[in-house]
1. Pairs only if they're at least six apart or on different chains, beta carbon under 8 angstrom, first in region 240-267 and within 26 Å of residue 91 (Cβ to Cβ), second acidic (Asp, Glu); list them, first residue then second.
2. Would you check if there is a residue in region 176-185 being in a helix (DSSP H, G or I) and of a type in the set (D, E, K, R)?
3. Any residue in region 254-270 that is farther than 24 Å from residue 96 by Cα, in contact with a Phe, Trp or Tyr (Cβ under 8 Å, 6 or more places away or on another chain) and surrounded by 15 or more Cβ atoms within 10 Å (Cβ to Cβ)?
4. List every residue pair whose Cβ atoms lie under 6 Å apart, where the two residues are 6 or more positions apart in sequence or sit on different chains, the first residue falls within region 182-208 and is surrounded by 16 or more Cβ atoms within 10 Å (Cβ to Cβ), and the second residue, located anywhere, is at pLDDT below 90 and not aliphatic (A, V, I, L, M).
5. When you go through (1) part of a strand (DSSP E or B); (2) surrounded by 14 or more Cβ atoms within 10 Å (Cβ to Cβ); (3) not hydrophobic (A, V, I, L, M, F, W, C) one by one for residue 35, which number turns out not to apply?
6. Any chance you could count how many residues in region 209-230 are more than 30 Å from residue 186 (Cβ to Cβ) and either surrounded by fewer than 17 Cβ atoms within 10 Å (Cβ to Cβ) or small (Gly, Ala, Ser) (or both)?
7. How many residues does region 38-51 hold that are hydrophobic (A, V, I, L, M, F, W, C) and under 14 Å from residue 21 (Cα atoms)?
8. Does residue 65 satisfy the condition of being assigned to a strand (DSSP E or B) and within 22 Å of the chain's Cα centre (by Cα)?
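The values are calculated or read from the model by the stated rules, or taken from the named source; none is laboratory data. Please read these numbers as outputs of a predicted model, since none were measured by experiment. Cβ coordinates were reconstructed from backbone atoms using ideal geometry, including for glycine residues, and neighbour counts include every protein chain displayed.
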Amino acid sequence: MAEAAGAEHTQTQGEYIQHHLEFLTFGKDAEGHWHFAHGDEAAEMGFWAFHVDMLGWSIGLGLIFILLFRSVAKNATSGVPGGLQNFVEWVYEFVETNVRDTFHGNSALIAPLALTIFVWVLLMNTMDLVPVDWLPWLAQTISGDPEIAFRVVPTTDPNVTLGMSISIFLLIIFYSIKIKGPGGFFKELAFQPFGPKLMPFNLLIEVPTLLAKPVSLGLRLYGNLYAGELVFLLIALFGAFQLPAHFLWAAFHLLVVPLQAFIFMMLTIVYLSQACEHH
């Protein structure tokens, strides 16, 4: 048996995990009233329900990235830099090197986009290292509702990861049409790899390949972070023995957190480079 932090009754292990995998959802019920969901109400609210916790954390971490890098850029010195400036410069040079080596087009947007993706996803992934009960317990204490659901890792929500990947997909379409023109973009889909005479077969291959890019991009990030969160929840069931196991898994997860941010950034650069290339 596992007892949720701040709860007044004992939960089974399954109820504990299920509760920690629920979102703080705000939406409209069947009677047309907008409110925060409790229990099974979230599933009944449909498409226009909002995961307030995921939106709040993702926007908040994005603002931290913007304000931190802006502050360092404004206060940068040409003398001996401080530790924070050194770190920001290293991240910038790391991203710029990868863009320069991978992106073969000519766009001033790609490097800032890659930097934003890498740091933002890295910050969101890092929230997975926070012990699973701390912030939900804090939300329950502040709200006075011991049953409130509250998650803190935005990349464990497919709405967040697919939202980012669909945005990248729209940029792929935009650059493909901008660089190659509508006709060139259509020819790329219709005439490859078997030539114009086998256009139906080409479309059957190329269109699903194109549409698979945002799906695989978003689900890869979601799947890896969701699995990591689930392991942390299982470790929390160990009771008094959870801290050593938590730190061991967190040490391993330290590799996953930046790696998934790097993969998301690199695939974005590669896809946009392909969109800008003439064949």
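1. Filtered contacts from region 240-267: 253/128; 257/128.
2. Yes, region 176-185 contains a residue that is in a helix (DSSP H, G or I) and of a type in the set (D, E, K, R).
3. no
4. 202/192; 202/194
5. (2)
6. Step one: list which residues in region 209-230 are more than 30 Å from residue 186 (Cβ to Cβ), which gives 221-230.
Okay, now just the ones that are also either surrounded by fewer than 17 Cβ atoms within 10 Å (Cβ to Cβ) or small (Gly, Ala, Ser) (or both), so 223, 227-228, 230.
Result for region 209-230: 4.
7. The initial filter retains those residues of region 38-51 that are hydrophobic (A, V, I, L, M, F, W, C), namely 42-43, 45, 47-50.
Checking the rest, the ones that are also under 14 Å from residue 21 (Cα atoms) come to 42-43.
Counting residues in region 38-51 that are hydrophobic (A, V, I, L, M, F, W, C) and under 14 Å from residue 21 (Cα atoms) gives 2.
8. No.
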